[in-house]
Amino acid sequence: MHRATPERARSGNDDPMPRRPHRPPALRGRLFHGPTAVANGLLTRAALRSSAWRSVIRGVYVDSSVPPTHELRCRAVAAFALSADGVITGRSAATLLGPGLSGCDDPVEALMPPGLVSRVEGLVPHKARVDPSDVCVVRGTRVTTPPRTCWDLAQWCSVEEAVVLVDRFLRDRLVTPAELRTYVAKRRRTLGPRGARRCDRVIALADGRAESPQESRLRLAIVLGGLPTPEVQWEIRDESGFVARVDLAYPRWRIAIEYDGAWHATTEQLQRDRRRLNRLQAAGWLIIHVTADTLRSNRPTLLHEIRGAISARR
């Protein structure tokens, strides 16, 4: 009797075709509460665990074709984990308002009324009452206004990280220094001095001209390290006209400080950079280049180098 070889056995039509994940129209592209969808017969428990859906926070799912973002986590928290009085704030509010740096897996910060208990995984609750004037709505989600968000950032973040974010608020013109000072003065009058001094310090250190978070960190490292405050985005000219705009500068001593981010240069880019550097040096400028590694783990050496350059050029 002829026995089929394994190859022949696999070549038949018995292999099932892979099934497409089932997505009921009512759930496509939207957030939903998984247990409720199962209870209503829209999905089975097995279907909820399929590749068609992705968990956003505990019990809340979304169509897996929807890109994961921090805003999506904020929307899930706001819709399924906050009371009507809750509001997204802090780094999360900064992300929804525009200039935030939160990743898709970062915890969501929210203000909740005192006495309300929340143990939602991925939620960082802050207990405080929120004045209605401190709330705005961004794409359907209740978020603290830019002045209130900057106030909260100043209270909960390190000075450096608060300034980095406030710099971005100022650069994107979501708020002005005058509006921030007015807001702090209002809170000081109505609620006392608590927190106002910390916010005052962040406002005094903030500068909306910084073009990246790393530039803000570099400037703060210099200032908080006891060195003179440098000019930001300084334009350098010679007798022929515009030469370059540098990240930070001490024009008095012709010292420029440039942050070198991680990027891949083409031959043409390298040639342009060399021509730029040659013109800066010909104009009498000393250029100090700063890498991410130096800024992260070797700040004392950086400050020593800048201090030495200032001393030599005086």
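The values are calculated or read from the model by the stated rules, or taken from the named source; none is laboratory data. All figures in this text were calculated on a predicted structure; none of them were measured in a lab. No Cβ is skipped: glycine too gets one built from the backbone with ideal geometry, and neighbour counts run over all protein chains shown.
A few points about this structure:
- Looking only at residues of segment 290-303 that are without any contact (Cβ under 8 Å) to a residue 40 or more places away in the chain and surrounded by 12 or more Cβ atoms within 10 Å (Cβ to Cβ), we find that the one that is farthest from residue 223 (Cα to Cα) is 291.
- The listed residues are 95, 141, and the only one of them that is of a type in the set (S, T, N, Q) and within 17 Å of the chain's Cα centre (by Cα) turns out to be 95.
- Matching residues, segment 184-199, being within 18 Å of residue 133 (Cβ to Cβ) and either assigned to a helix (DSSP H, G or I) or touching a strand residue (DSSP E or B) at 6+ places or on another chain (Cβ under 9 Å) (or both): 184, 185, 186, 187, 188, 189, 190, 191, 196, 199
- Single residue of segment 210-220 satisfying the filter (of a type outside the set (Asp, Glu) and in a loop (DSSP other than H, G, I, E, B)) that is farthest from residue 170 (Cα to Cα): 212
- Segment 304-314, subset touching a helix residue (DSSP H, G or I) at 6+ places or on another chain (Cβ under 8 Å) and touching a residue at least 60 places away in the same chain (Cβ under 8 Å), residue nearest to residue 226 (Cα to Cα): 306
- Residues (free of Cβ contacts under 8 Å to residues at least 24 places away in the same chain and surrounded by 15 or more Cβ atoms within 10 Å (Cβ to Cβ)) located in segment 157-205: 161, 181, 188, 196, 200
- In segment 135-147, the residues that are under 15 Å from residue 168 (Cα atoms) and either not assigned by TED's automatic domain parsing to the domain that holds residue 93 or not hydroxyl-bearing (Ser, Thr, Tyr) (or both): 146, 147
- Within segment 254-301, the set of residues being more than 18 Å from residue 232 (Cα to Cα), in contact with a helix residue (DSSP H, G or I) (Cβ under 6 Å, 6 or more places away or on another chain) and of a type outside the set (Ser, Thr, Tyr) comprises just one member, 299.
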